[in-house]
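J.: Sending over a structure as structure tokens; questions will come in a sec.
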Amino acid sequence: MRLSRFFLPTLKETPAEAAIVSHRLMLRAGMVRQESAGIYSWLPLGFRVLKKVEQIVREEQNRAGAIEILMPTIQPADLWRESQRYDAYGDEMLRIKDRNGRELLYGPTNEEMVTSIFKSFCRSYKELPKLLYHIQWKFRDERRPRFGVMRGREFLMKDTYSFDLTKEEAMKSYNRMFVAYMNTFARMGLQAFPMRAETGPIGGDLSHEFIILAENGESKVFCHRDLLDLPAPGLDVDFEGDLQPIVDERTALYAATEDVHDEAAFAKIPDDKKVSARGIEVGQVFYFGTKYSEPMKARVSHPQNGEVPVHMGSYGIGVSRIVGGLIEAFNDDAGIIWPRSVAPFDVGILSMRAGDEATDAACEQIYAGLCKAGLEPLYDDSDDRAGAKFSRMDLIGLPDQIIVGPRGLKDGVVEVKDRATGERVNLSPEAAIDQIIARHQRDIF
Ligand code: 5CA
């Protein structure tokens, strides 16, 4: 993409309304625009990151055996009366009437609808287990929308729903999602820790939140320091095998959110291993048994016992929240530093003298070489001052920059800068292309 043709409305001033660094940087980098409290348009740069995050989430859901569907944002109120949640959900639910006076709502989550889909088509235990998910916008009329996309009112969520014959089987589905989550966040460069959590309006008695530690996080969390050293399970885990040991290893150590924190259990941890910190909840998993299948009569035939309600769980990831979470985790004074797997473009090409024949030719050569290798460069072909180009490229945080100017080209070199470390090397244009491709291949998995 050539910057001259792109739409990158960066801001010079720091927006006063933004209280935390990720919100400030998203506005300054022209990633989003607020349309109303907690409601955002995603501008091209932000949209590209959102899509990358969404795609990683999708790939890891598919790898774990979940099946993608797409349910609507608008749901009939009657569905929620069946589960008794219509009134219980309270003011967070946006209630709407259509022209015929029929009551509708903008879905804050989809347990009811997916249960209704399941029961229309699945009648036998032979069809189980089933894991269905979608990636769809939700609306929750949050009392205090804040921190930009981190606590929005309209936000993008991936929600998966599992259907099993028994509690034991449902635990296997829970474990699948648990393991898939660790891998999902690791692919984005994030370390997310599972912590025991409250179930709230979703229900049930077993739940974990996945938390990334961050100073500006809304959640207060407590855990054993050794939990922080456990790596993600890895993309080669066998989802058809026994995942219990992997989950056990990650749930054996104390880890809890404030709501379910047990001070007595925490006190037993040696002082130097106690972590009490703030974090961002990027995902949450729930097992709630027959809470929805019972009232909504989602039953299947049992091999011995006639008909039984299915055991269910639900598993959410805050796709749009993660974009803010990533910036909280990866930034410096100059701006954002994207991990390669979620960067809006793979590399920036900065022309130090647009219009100079040799500089233009070298930029075009590098641009074409990178595109041919399947990478997506952003080529700053504008005639802005060098300083403005440097600070804009640093602000938007592409992992690598190639700086091309007449002075270097006289010696046959361009400059390759690593955004994260600030390290610079001079290389021929061909070697610069190879170097960027190698860095990309090293980090994308
Ligand atoms: N039905 C369940 C699981 S699918 C559910 O709704 N879970 S949830 O309430 O925990 O939401 C799932 C994830 O969505 C959260 O972990 C969080 O990352 C994200 N999320 C929740 N509320 C918001 C919000 N107001 N703004 C942005 N992201 C949110």
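The values are calculated or read from the model by the stated rules, or taken from the named source; none is laboratory data. None of the values given here were measured: they were computed from a predicted structure. All Cβ positions, glycine included, derive from the backbone under ideal geometry; neighbour counts span all protein chains shown.
J.: Select the helices (runs of 4 or more DSSP H) contained entirely in segment 59-127, then report the ones holding at least 3 residues which are surrounded by fewer than 18 Cβ atoms within 10 Å (Cβ to Cβ) and in contact (Cβ under 8 Å) with a residue 60 or more places away in the chain.
T.: Counting at least 3 such residues, we get no helices (runs of 4 or more DSSP H) at all.
J.: Same structure, new question: For segment 316-332, enumerate the residues that are more than 16 Å from the ligand (Cβ to nearest atom) and in contact with a helix residue (DSSP H, G or I) (Cβ under 9 Å, 6 or more places away or on another chain).
T.: Of all residues in segment 316-332, those more than 16 Å from the ligand (Cβ to nearest atom) come to 330-332.
Passing the criteria: Asn331, Asp332.
J.: Let me ask another. Of everything in segment 141-164, what is of a type in the set (A, V, I, L, M, F, W, C) and in a helix (DSSP H, G or I)? Give them in sequence order.
T.: Val149, Met150
J.: Could you please let me know if Gln34 is in a strand (DSSP E or B) and not small (Gly, Ala, Ser)?
T.: Details: in a strand (DSSP E or B): yes; not small (Gly, Ala, Ser): yes.
Yes, satisfied.
J.: Would it be correct to say that Ile56 is assigned to a strand (DSSP E or B), β-branched (Val, Ile, Thr) and either more than 16 Å from the ligand (Cβ to nearest atom) or modelled with pLDDT of 95 or more (or both)?
T.: Taking the combined requirement at face value, the residue does not satisfy it.
J.: Keeping to segment 6-28, report how many residues are within 23 Å of Arg340 (Cα to Cα), out of contact with any Lys or Arg (no Cβ under 9 Å at 6 or more places or on another chain) and more than 14 Å from the ligand (Cβ to nearest atom).
T.: 5
J.: Residue check, Leu395 against (1) among the hydrophobic types (A, V, I, L, M, F, W, C); (2) assigned to a helix (DSSP H, G or I); (3) within 26 Å of Arg442 (Cβ to Cβ); (4) more than 25 Å from the chain's Cα centre (by Cα), all met but one. Which one?
T.: Going through (1) among the hydrophobic types (A, V, I, L, M, F, W, C); (2) assigned to a helix (DSSP H, G or I); (3) within 26 Å of Arg442 (Cβ to Cβ); (4) more than 25 Å from the chain's Cα centre (by Cα) one by one, Leu395 breaks only (4).
J.: While we're on this one: May I ask you to list the residues in segment 11-64 that are under 18 Å from Leu326 (Cβ atoms) and polar (S, T, N, Q)?
T.: Ser22, Gln55, listed by residue number.
J.: Return the residues of segment 330-378 that are under 24 Å from Gly412 (Cα atoms) and among the basic types (Lys, Arg); say none if nothing qualifies.
T.: Arg353, Lys372
J.: Let me ask something else. Can you tell me which residue among Ala329, Ala354 is aliphatic (A, V, I, L, M), surrounded by fewer than 22 Cβ atoms within 10 Å (Cβ to Cβ) and farther than 15 Å from Ala420 by Cβ?
T.: Ala354
J.: State all residues of segment 88-103 that are more than 16 Å from the ligand (Cβ to nearest atom) and either at pLDDT below 95 or within 28 Å of the chain's Cα centre (by Cα) (or both); if no residue qualifies, say none.
T.: Arg95
J.: Something else: Give the residue, chosen from Ser341, Ser382, Ser351, that is more than 16 Å from Ser4 (Cα to Cα) and hydroxyl-bearing (Ser, Thr, Tyr).
T.: Unique residue meeting the criteria: Ser341.
J.: Still on this structure: Out of the residues in segment 265-283 meeting the condition of being among the basic types (Lys, Arg) and not in a helix (DSSP H, G or I), tell me which one is nearest to the ligand (Cβ to nearest atom).
T.: My answer is Arg278.
This table checks each residue for (1) over 30 Å from Leu132 (Cβ atoms); (2) assigned by TED's automatic domain parsing to the domain that holds Thr166.
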site: Gly324; (1), (2): no, yes
site: Asn331; (1), (2): yes, yes
site: Leu350; (1), (2): yes, no
site: Ala361; (1), (2): yes, no
site: Asp380; (1), (2): yes, no
site: Ala388; (1), (2): yes, no
site: Met393; (1), (2): yes, no
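J.: Find the residue count for segment 383-397, including only residues that are surrounded by fewer than 17 Cβ atoms within 10 Å (Cβ to Cβ) and over 23 Å from Glu328 (Cα atoms).
T.: 6
J.: Please tell me if Thr166 is surrounded by fewer than 20 Cβ atoms within 10 Å (Cβ to Cβ) and within 12 Å of the ligand (Cβ to nearest atom).
T.: The answer is no for Thr166.
J.: Here is a follow-up. Residues of segment 110-154 being of a type in the set (Val, Ile, Thr) and near the ligand (Cβ under 10 Å from one of its atoms), which ones?
T.: Residues satisfying the conditions are Val114, Val149.
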